[in-house]
Each structure stands twice: as structure tokens, then as C-alpha cells.
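Only one structure is covered here, and it is reproduced in the block below.
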Amino acid sequence: METSPDAKRIPLYQQAYQTLKERIISGAYPDGTYLPSERELCEEFSLNRITLRKSLELLAEQGMIKKQAGKGTLVLPCCEEALNYDSAEAKYIAFALCTDDQSRDRFSEPFQSGLFYYLERECSGLGYHLLYKTVTPSDHIQSMLQGIHISYIIFSSQVRPELLDEAYTLGIPALIVNNHDDRFTSVQIDNFSGARMITQYLIDSGHKKIAVLTGPDTYTTSMQRLSGWKAALKSGGLSPKQMLVIKGDWDFSSGYDAGKQIAQLPAVSRPDAVFAFNDDMAMGIMKALLESNISVPSDISLVGFDDVPACVQVSPALTTVHVDLHAIATAIIQQLFYTFRQKGKVPPLSITVPVSIIIRDSSYRR
């Protein structure tokens, strides 16, 4: 299946979902008939079955198909809501992700793509489209949304202040994820508590030299996690100033580079534990340490943050802070539609979503 350059920025499961939906509405797949088999659809859209089933789940949630055991996927008569869903009056919500590097695709980060998936499911069930927008340093809101009627903008992660100024001036309803501005409602992970808990766990496990790999120091998320790490060290009688701090960039490669840097230290100078501020960087560290014949966790315990699916796919499985993306998406959508019902007359709120620790094989009690 060929896609346009713009379509390549849309998640594959959503591309398949939109195509199948158009075929059902147009009558290419008449009601009362069955969709092609999952194997045939996987081949057509170049998807694996897990990704394809995300597309089918969205169609089922809109009452367009129904899985019948032993028979296949039945096409149901389209309800009026489904037929009108893609009309000129369709309602759109933008998921805006800022980047300071035009060559970098931050949507590939597991946290962002996972959050988009859960938000898209919530939105589609309520009759809204969720659109993904990468916002580069040269973009402005008016040009970014030209030709599209946007009901709401969800800004995820770091946001340029001038973009928030523009949204506020234009009166565009917006919500911020993992950041804060007094003019807008924000939904944040409890980054401070998560970092403090995972660091306290390492201290309680007997670790004395706990290094950190941070995100960029301008990111609220990174600053909050750094504060949580420092608070746990101080309460445990350890000095943050004596610990190794390495700056990362959220991605696997910066974790790998940090791991090589740690591996090159004399054995007596190495940390006995490393806390990476997200799982991608933690897995980069793990690869570099193992390549350098440094055992995880026997030589160095390693922990991350987010609990992305790959945490249980690496060896050893990664100890991390669990972030409930479904809960975050639910909180966002509940607040968003409450704002709609109140016609925007809602004071800004700050919502914090709690986290928990998941202990796996990458950490070790000394």
C-alpha cells in the first residue's frame, strides 16, 4: 500500500483504520459481509497483527464491525454518527509535539506514541479526530492549523512560550502535558515522587553511588526528576554533589554514549547504580555496559522511567517507574470535554497522575 509523504507521519494503525473506514462507508465492504482476513489485511497494509488489531478495535468501538469467533470480522450497518464523522463538520483535536531539531521525529519516542494511541481511542469514541502535528522552531499556530477547524490543542512535553502566548491571544482552548503554564490546564506525571521513590529503592538496596542520566536541562520533566533524585539522596544521608550526573537527550543513542562513558571509568570510580530519566536511555546504557563486559545488575544496577513495553523485552528486564498512559489520556479527555460542556468557562487546573515502581531483573540488592 503506497502512502503520501504526509501520511508517513500518521501512525500506521491509524492509516489502516481510516482506509478501512472509508471502504465501509463507501460500500466497498457492504454491511453483512466480512472483511478480508487479518493475514490479508496485514499483507496489504504491511502491518503485524498487533498493530492491525489496534485499527480494528477503533472500528469496533464505533460500531462499524464485529468480531465473530470462527467466522471473521462482520461489517455492520453504519450508524448516522459514523457516517457524519468524516464530514465537513468533523471535529478535530490537535496533538502538538514541539521539537528543536527539524530532523528529529519525537513521535517515535514510546511515551509520545503510546499517549497518542490512548488519546486517539478516547477521542474516536466521542466523535472527534485526533491529529498529530510536529511543531518546529519556525512554526506558528495559525500557519500550523491553516485550513483545519481545531476545537482544542493538546501540547505534549516542552512547549515554546511564544506558542502558548499565541494560543492564549487567539483564544484557542489548550491543555499542556508534562509542563505547566498558569493560563492553561496541565496534566503531569508525578515526576518528583517517581524519581524519589526509585532512588530510595536503590538506597534501600544498599547502593551508595547512584549516577543519573538526565534529559535536557530545559525540560520540566527532567528538572522534576532531578529534584526527586536529589531529595532521596539527601534523606538517605548521601550528597548529590558526589554523584555522577550525565546529560542526555531522551533517546537511545544518548543513553548508549553515557554507558560508554561510564564503562571507560576506572572500576573503583564507577557508580554502583544508574538512574536514567527514561527507559530509552536506560536501554542504551544497558547495551553499552554489556558490550563492555560490565554486568547488569551484578556490577551496576540500572533503572529507568516510563515502563514502556520494551522494558520486558530486553535482558535483563528493566526496573522502572510505571507511568499509566491510559490514566493520563483519560484525565486529559475528561478535562477537555468538561471544558467543552462549560463553554470554556473553566479556571485552569493542575492535575497530577500518580506513578509506581516496577521491580525487575536489572536492579540488585547489595
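The values are calculated or read from the model by the stated rules, or taken from the named source; none is laboratory data. Remember, it's a predicted structure, so these values are computed and weren't measured experimentally. Quick reminder, even Gly has a Cβ in these numbers, built from the backbone with ideal geometry, and neighbours come from all protein chains shown. We work out accessible area using only protein heavy atoms, side chains counted, and drop any ligands, DNA or RNA first. Shrake-Rupley method; radii C 1.70, N 1.55, O 1.52, S 1.80 Å.
Taken as Cα centroids, segment 111-169 and segment 274-311 sit 32 Å apart, rounded to the nearest whole angstrom. For Ala174, the amide hydrogen comes within under 5 Å of the amide hydrogens of Ile153, counting only partners 5 or more places away or on other chains and with H modelled in the peptide plane.
I'd like the carbon and sulfur percentage of the solvent accessible area for segment 222-366, probe radius 1.4 Å, heavy atoms only, ligands and nucleic acids excluded.
Carbon with sulfur: 53 percent of the solvent-accessible area.
Full extension of the chain segment joining Lys247 with Asp31 gains 72.2 nm, where the gain is 0.36 nm per residue of separation less the Cα-Cα distance.
Using just its DSSP H runs of length 4 or more, each adding -39500 (n - 2.57), the chain gives a mean residue ellipticity at 222 nm of -12000 deg cm²/dmol after division by all residues.
Stretched out straight at 0.36 nm per residue, the stretch from Gln68 to Ile357 would grow longer than its current Cα-Cα span by 100.2 nm. Amide H contacts of Asn278: Phe305, each under 5 Å away and 5 or more positions distant or on a separate chain (H built 1.01 Å from N in the peptide plane; Pro and chain starts excluded).
Measuring nothing but how far apart in sequence close Cα pairs (under 8 Å, 6+ apart) lie, relative to its length, the chain scores a relative contact order of 14 percent. Backbone amide hydrogens, once placed in the peptide plane, bring Lys209 within less than 5 Å of Asp272, Ala273, excluding anything fewer than 5 places away on its chain.
For the residue pairs Lys66/Lys91; Lys234/Lys287; Lys209/Lys247, alpha carbon separations beyond 22 Å are given by Lys66/Lys91; Lys234/Lys287. Take each peptide in 188-198, 204-214, count the other Cβ atoms within 10 Å of every residue, and average; sorted highest first, the result is 188-198, 204-214.
So with the 1.4 Å probe, I'd like the accessible area per residue for the chain, rounded to whole Å².
Roughly 47 Å² per residue, with all protein chains present.
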